[in-house]
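The values are calculated or read from the model by the stated rules, or taken from the named source; none is laboratory data. Please read all numbers here as calculations on a predicted model, not as lab measurements. Don't worry about glycine lacking a Cβ; one is built from the backbone with ideal geometry, like all the others, and counts go over all protein chains shown. For accessibility, only protein heavy atoms count, side chains too; no ligands or nucleic acids. Shrake-Rupley method; radii C 1.70, N 1.55, O 1.52, S 1.80 Å.
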Amino acid sequence: MKKSCIGLLIAALGVIPATGFAQVKLGAKAEAGATIDADAEGADAKAGGDASANGEGDAAAAGEGDLGAEGEGVGDICKIDPAACPVLDMKKEAARPIKESIYAVQQLYVMRARRLEFNPWWNVTSLNDQFVQHTGPGIGLNYYITNVLAIGANFRYYAPFNEDSKFNGQVRRAARVAVPLNEYQWGANLDFSYVFAYGKFAGFGDFIFEYDAYVLGGVGALSTRPIAVIDPDNRNFEYKPKLAFDVGLGLRVFFSRWFAANFALKDFGYNEQLENLGTNEVDPSKKSDWLGKNSFTQNVELQAGFSIFVPFSFDYRLPK
Amino acid sequence: MTSNPRFTKRLLTALTAGLALLGITEHSQAQELYLTGPLAGAPAVRKLRLYRRTRFEIAPAVSFTLLDEYQRTILLGARLQFNITDWLAIGGWGALGSVIRLPTALTDNIQGVNQQRQAQVAPCNTAPTGPGCAGPLLTQRLTAVNLGKKLKDQLGGIDWVAAPQLTLTPFRGKLALFQSIYLDTDVYISPGVAFVGLTERKNCSPCVGEFKTASRMAIAPTIAAGMSFYVNKWSAIGFEYRLLPFAWNRGGFDTAGGGKDNEFPDNKISDADQRFRVNQMMTISYNFYLPTQYKVSE
């Protein structure tokens, strides 16, 4: 019975936040007369009453309507303390140049500025390496300085997931030609990303979802090593990090204002050290003879994952 | 009040379900406002530009194959279809792949080694009756079935593709580029059946010195996913990714047909040497729509 009561109490507690959720936010915002909470779209008329009076919503004088030269609208203040009565020359104020930005889309579905994005993903495939597939997990962390520009870092782990294609063995056997192969251990990059496009889709003419597209670029390291195919009996390579540059293009499909599916195509360019195609027949264990020429290599990866933005909610600066 | 454990169990179950419902309620409040507000019952989109409905689409297209081992193919073609509704079209995609083919670095590499190898002459080649003659070099003998004088001449290639297909366009939307360019877009998928004309190394047994090619037609399922970006009332730029899975012998090599599970060479070129591959390609197209004027939804 005691347990039942506790259960009922939990249920009751559950009810409080459900009903108070919109109230607290709306009330707080409406008082400030400045912002409308993104989660309370349907109730924006209530908050809009105050917020729409001042457009920007962040001016100190907001919430009271117009201020005339005679103190219209603030009559009570003027009666109590005439010295504190604000006096504005409306003609002068009207003549002041307004540098208001006009946005073609007044309210974006997702505001990114000053939010963190966690982006775990899986490298689905290497799109240009038919010899060794470099799949594996990765995670990115981006901080949006503005609504479109972010700085971030990402880490990728490949080591157990490199897949040497069966095709390599078939070519070696058929043509007696060995293709130098390489595998990856990990990669890490610092990136800038820029959201260059956003939009929305109507699905089956019935529901709407939002998306954005971004480009990114940065610098970092990629730890790789050759797979011994020329002289596997004697050669055993160790991973070495190399300077790597990346550029990419991504697409986020938003399910909510903080959760999105994230698909990206990234090209990692780096200077790869290949296995020496020749062998030192006198001393095959001589490590300095194991490595051959360098080759600038690009690995184009297709990544699929999701994005979580924190904080989960945000405030719009302008009314809807 | 009871201390019946079954009652307690049921109560807990009910509470759990109740709490779960409360969780849903918290999220669904905004939804209810939509339903009861002035937009209740309204369609998700009004005055939608119906770019596709009852219009013919002619889309010249260039396709680039991906992840090719021996040679890349650039297919020149077009997509022709009639859009019955804004979300359903019937038509086809056709392309010619025999015009532009580019060998990969692997092909150049193999050919380089092959030429060097063929230039090497075993002593017995010049004096076949000489003492210690061992015939052609070992590597020459080992590759005699697989490598002719020019690797490029024995490679498999896609000559043409004809793919009747349906196109489903479930998503329609708009896109803002740099907050200054605004485009209508849609996302579609096109499942269909592809008839693929191929050139491959001809089956042979024995195969030493036999490097002729032959043509055949493969029938395969195909599916494409793409996006259209409408430039104006009657044209759009299209990007498409297509899968075309079928088995073929891309290198003209003997890789299978013998040994355990037929996974070892048998010194013959046969159908067993055709390896299944999910052929992939990216397509760029410029789509024209006729008549040039679109309809607008209510």
Inset, instruction - Just one of (1) within 14 Å of chain A (Cβ to nearest Cβ); (2) open to solvent by 20 Å² or more (accessible area, probe 1.4 Å); (3) over 15 Å from the mean Cα position of the chain (by Cα) trips up B:ASN249, so point out which. - result: (2)
Inset, instruction - Determine if the range B:178-190 includes at least one residue that is assigned to a strand (DSSP E or B), away from chain A (no Cβ under 14 Å) and within 15 Å of the chain's Cα centre (by Cα). - result: yes
Legend entry - Index of the failed condition, A:LEU274 passing every other in (1) assigned to a loop (DSSP other than H, G, I, E, B); (2) more than 23 Å from A:GLY138 (Cβ to Cβ): (1)
Legend entry - Boolean, B:ALA105 is out of contact with any strand residue (DSSP E or B) (no Cβ under 9 Å at 6 or more places or on another chain), free of Cβ contacts under 8 Å to residues at least 40 places away in the same chain, under 26 Å from B:SER215 (Cα atoms) and hydrophobic (A, V, I, L, M, F, W, C): yes
Inset, instruction - May I ask you to say which residue of A:ASP267, A:ASP246, A:ASP233 is in a loop (DSSP other than H, G, I, E, B) and either among the acidic types (Asp, Glu) or closer than 26 Å to A:ILE308 by Cβ (or both)? - result: A:ASP233
Inset, instruction - Could you tell me which residue of the range A:149-182 is least open to solvent (accessible area, probe 1.4 Å), considering only residues that are over 19 Å from A:LYS266 (Cα atoms) and part of a loop (DSSP other than H, G, I, E, B)? - result: A:VAL177
Inset, instruction - Could you tell me whether the range B:133-144 includes any residue that is modelled with pLDDT of 90 or more and within 14 Å of chain A (Cβ to nearest Cβ)? - result: no
Legend entry - Of residues in the range B:97-109 being surrounded by 16 or more Cβ atoms within 10 Å (Cβ to Cβ) and not β-branched (Val, Ile, Thr), the one farthest from the chain's Cα centre (by Cα): B:ASN109
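Given the condition in contact (Cβ under 8 Å) with a residue 12 or more places away in the chain, within 14 Å of chain A (Cβ to nearest Cβ) and open to solvent by 70 Å² or more (accessible area, probe 1.4 Å), answer yes or no: does some residue in the range B:75-82 qualify? Talk me through it step by step, then tell me what you get.
Going residue by residue through the range B:75-82, those that are in contact (Cβ under 8 Å) with a residue 12 or more places away in the chain are B:75-82.
In the following step, the residues that additionally are within 14 Å of chain A (Cβ to nearest Cβ) were identified as none.
No, there is no match, as no residue in the range B:75-82 is in contact (Cβ under 8 Å) with a residue 12 or more places away in the chain, within 14 Å of chain A (Cβ to nearest Cβ) and open to solvent by 70 Å² or more (accessible area, probe 1.4 Å).
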Inset, instruction - Please work out which residue is modelled with the lowest pLDDT, limiting yourself to the range B:164-189 and to residues that are open to solvent by 20 Å² or more (accessible area, probe 1.4 Å) and of a type in the set (Val, Ile, Thr). - result: B:ILE181
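Can you find, within the range B:196-211, the residue that is surrounded by the most Cβ atoms within 10 Å (Cβ to Cβ) among those that are of a type in the set (Gly, Ala, Ser) and touching a strand residue (DSSP E or B) at 6+ places or on another chain (Cβ under 9 Å)?
Pass one, the range B:196-211, residues of a type in the set (Gly, Ala, Ser): B:197, B:205, B:209.
With the extra rule that they be touching a strand residue (DSSP E or B) at 6+ places or on another chain (Cβ under 9 Å), the set shrinks to B:197, B:205.
Numbers: B:GLY197: 17, B:SER205: 13.
Among residues in the range B:196-211 that are of a type in the set (Gly, Ala, Ser) and touching a strand residue (DSSP E or B) at 6+ places or on another chain (Cβ under 9 Å), the one surrounded by the most Cβ atoms within 10 Å (Cβ to Cβ) is B:GLY197.
Among the candidates B:VAL145, B:VAL193, B:VAL161, which residue alone is of a type outside the set (Ser, Thr, Tyr), farther than 24 Å from B:SER270 by Cβ and either touching a residue at least 40 places away in the same chain (Cβ under 8 Å) or open to solvent by less than 30 Å² (accessible area, probe 1.4 Å) (or both)?
Details: B:VAL145 fails: farther than 24 Å from B:SER270 by Cβ; B:VAL193 fails: either touching a residue at least 40 places away in the same chain (Cβ under 8 Å) or open to solvent by less than 30 Å² (accessible area, probe 1.4 Å) (or both).
Only one candidate qualifies: B:VAL161.
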Inset, instruction - Could you check, for the range B:211-227, whether at least one of its residues is more than 27 Å from the chain's Cα centre (by Cα) and hydrophobic (A, V, I, L, M, F, W, C)? - result: yes
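Do we have A:ARG225 as without any contact (Cβ under 8 Å) to a residue 60 or more places away in the chain, outside any strand (DSSP E or B) and over 19 Å from A:ASN119 (Cα atoms) here?
Values: without any contact (Cβ under 8 Å) to a residue 60 or more places away in the chain: yes; outside any strand (DSSP E or B): no; over 19 Å from A:ASN119 (Cα atoms): yes.
Here the answer is no, as A:ARG225 does not meet what is asked.
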Legend entry - the range A:187-205 - residue that is more than 7 Å from chain B (Cβ to nearest Cβ) and without any contact (Cβ under 8 Å) to a residue 40 or more places away in the chain and, of those, nearest to the chain's Cα centre (by Cα): A:LEU190
Inset, instruction - Kindly indicate whether A:ALA213 is within 11 Å of another protein chain (Cβ to nearest Cβ), of a type in the set (A, V, I, L, M, F, W, C), closer than 30 Å to B:ARG46 by Cβ and under 13 Å from the mean Cα position of the chain (by Cα). - result: yes
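Within the range B:265-278, take every residue that is outside any loop (DSSP other than H, G, I, E, B) and at pLDDT 90 or above and give me the one that is most open to solvent (accessible area, probe 1.4 Å). So that I can check it myself, show each step before the final result.
Filtering the range B:265-278 down to residues outside any loop (DSSP other than H, G, I, E, B) leaves B:265, B:269, B:271-273, B:275-278.
The next check asks that each one be at pLDDT 90 or above; those that pass are B:269, B:271-273, B:275-278.
Working: B:ILE269: 5, B:ASP271: 98, B:ALA272: 39, B:ASP273: 1, B:ARG275: 54, B:PHE276: 142, B:ARG277: 27, B:VAL278: 67 Å².
It comes out as B:PHE276.
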Inset, instruction - For the range B:232-258, enumerate the residues that are in a strand (DSSP E or B) and closer than 17 Å to B:LYS268 by Cβ. - result: B:ALA247, B:TRP248, B:GLY257, B:GLY258
Inset, instruction - Scan the range B:41-68 residue by residue and report those that are part of a strand (DSSP E or B), open to solvent by less than 30 Å² (accessible area, probe 1.4 Å) and of a type in the set (Lys, Arg). - result: B:ARG55
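Is it fair to say A:LEU249 is within 14 Å of another protein chain (Cβ to nearest Cβ) and either open to solvent by 50 Å² or more (accessible area, probe 1.4 Å) or at pLDDT below 90 (or both)?
Working: within 14 Å of another protein chain (Cβ to nearest Cβ): yes; either open to solvent by 50 Å² or more (accessible area, probe 1.4 Å) or at pLDDT below 90 (or both): yes.
So A:LEU249 passes the test.
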